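Taken together, the values in this text are just the output of simple stated rules run on the coordinates, not laboratory data. Quick caveat: nothing in here was measured; it's all calculated off a predicted structure. Every residue, glycine among them, receives a Cβ derived from its backbone with ideal geometry; neighbour counts consider all protein chains shown.
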Amino acid sequence: MENLIARPWLAAVLSLILLACMSAYGQLTPLGDSYTNTATPTTNYGAKTLLDVDGATQITYIQFSLASIPASASISQATLKLYVNTVTSAGSFNVDYVNGVWTEGAIDASDAPALGSTIASGVVITAADKNQYILINVTSAVQAWLNGSEPNNGIALVANGSFNATFDSKENTATSHPAELDIAFAGGDGTITGVTTAGGSGLTGGGTSGNLNLALTNACAANQVLQWNGSSWVCAAVGTGTVTGVTAGTDLTGGGTSGNVTLNLNTSATNALYAQLTANNTFSGIQTINNTTFITGANSSGVLQVTNTLTSGSAPAVSGATDSTNASGLKGIASAATGTSNGVFGTSSSTGGNGVKGSSPNVGVYGQSSGASNTGAGRSEAGVWGDTGGASGAGYAGVLGTADANSAGLFVNNGPYPTVVAINSGPSDTTGVAGVEGRSSNVGVYGQASGGSKQGAGAGNAALWGDTGGAAGQYTALLATADDNTAAYIYNNSRLQVALYVANYEESDPDTAVFATSGSFGPGDNGQCVIDASGDLACNGSKSAVVPVDGGSRNVALYAIEGPENWFEDAGSAQLSNGATVVNLEQVFGQTVDTEREYHVFLTPNGDCKGLYVSQKSPTSFEVRELGGGMSSIAFDYRVMAKRKGYESIRLADKTSQFGKEAIRGRKMQRPVRPSAAPISEPRSNSAVATK
């Protein structure tokens, strides 16, 4: 194809001659162009359609023949015109002289000629230059080539830094954007004094006077055409027209060089391009089926699997519609009489989605198991109606919701009626049967009144969660009343977890009650204890430890000593040495009290001496000496009292807000009738508490 590729060069030569006559302007296309790559130093790229310029490895070489320009011609401007094909890394490059002979079909990185001085430096290319021409002034180089001061070995495009781009070569017939050398001539009257045809130009004719004709050479023999051999146009044979062989191309097999040959589709390459009747196919476009389609098979994941890969919106994976008054938009039938088959089974991984959704002015979803009991007949308007008439105790459920790590059932009611009503109409002697039974690894039963406070969110799993966000002081999240029974039992078997945990997250008042008890005995007939948000326990009765005595036959109360301030105490023993010693406060005890302020030390000698006194105190120790300058080494006991750290300024704290009448009234509900002496079924210790 070289003869077709080089014809634009032929036209360029003619343009140079004609345009020189008309406007003193000419265009030249390359005599040769190629590039070298140090990564493959022995590879020639002269036939490539692109010229690569890469700061790391690649240099482009371009050469123009100036044989058609007289040496005496005056050049006013010469411009190098390059078409940018790609810009991988924007930057700049230089245009340098080439100091050595090279040819397009032979040059490679291993024998590339040396580079000379720079003609044009810092030619900037950006991404916006892609698919456009750039112009570079090379007037000085063309003038030097014509006057002989520089040999015409062409130019080199050399990248600066990490610049990486490609330009169209003269072999790129797809775009026909080879490099150009645009020359503007100066002076003269535009008169042509002669037209000659050079050897190897493929032209005949010309002359120095009169009307001149140019034509393609007629020296080629029959079955020959003009062909560019890299440096000139020559006559070359193109064959006699006889087919000597057929070679299978892309996606074909077969062929040969004699006899009858056969070509076939290469099915291993083409089967992936078209649907196959007996193979697995993947369709990525929108498919339309205009009639009944039967899909049969046996697959553990389902015979028909439909996936909607949308990540937002409300479009369903499967949509069924019908115009019939008796038909179903979507119907599922499971014919197996055993196993766990489902007529319709729906799942959803979306936190706001639905496994199965039904909408209707009558019954949104109706499910029937083992016949209909019709117990709910007459309640014809229902979002979901589950109905079963199965054998008693056989495990049937009118409505069954399972959800693993989600909500098995969610009921919302905007009316003045209970959201869920659970009735067990079994015989009155059916003990242990619950109207509502909740089991869950998270929350077994969740009850919400007047909005949700969500204060307990993140508190972990719960068998029962009562939640309310109603007006302050008017609602109770969890209420248990039992008259002559026990209102609540709370058990657990954990070594690490508490049986009852109570928290109040009020943050402005440290006296806010977290846990309170109230009874009918005590001061003012209202015995109370309160644990507040600071962790302080306050009772208007006494605080005592019950200790067994008399071999365990009796239990007596020992009462705590209490004072108006928060004191911690420690005790120990030490001994003088020559009348003095330093006692260090126990380290852990010292972290619980404020010894930077005052603390008290009480001394008791264990023998006869002049007496003991504390000579000085520090936050970590105190010094003990014998009175009167005594020098004994007597042993002694000591007791240390220090104020609890963080409670240094508290004295006789006012707890009226916790124990006043208003606090008691707000804390207590209507009191049930106090039972006379009904025994509690749960076993208790049979111990007595001695009184003072």
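Can you order the peptides 173-181, 353-361, 138-146, 579-587 by their average number of other Cβ atoms within 10 Å per residue, highest first?
138-146, 173-181, 579-587, 353-361
Amide H to amide H, which residues 5 or more places from G447 or on other chains are under 5 Å from it, using H placed in the peptide plane?
Those qualifying (amide H under 5 Å, at least 5 residues apart or on another chain) are W465, G466, D467.
Once the other residues with Cβ under 14 Å from the Cβ of T40 are scored (Lys, Arg +1; Asp, Glu -1), what is the net sum?
-3
From zero outward in steps of 10 Å, how is the percent of C-alpha pairs of the range 108-171 spread across the bins?
Taking every Cα pair in the range 108-171, the percentages come to 14, 43, 36, 6.
For the range 512-653, take every pair of Cα atoms, bin their distances at 5 Å starting from 0, and report each bin as a whole percent.
2, 8, 13, 13, 13, 12, 12, 10, 8, 5, 3, 1, 0
If the cut-off is 19 Å between C-alpha atoms, which aspartates and glutamates fall inside it for K170, apart from same-chain ones fewer than 8 positions away?
By straight Cα distance, K170 reaches E2, D33, D52, E104, D108, E180, D182.
Where the Cα atoms of the range 567-643 are projected onto their three principal axes, how long is each span, largest first, in whole Å?
34, 18, 16
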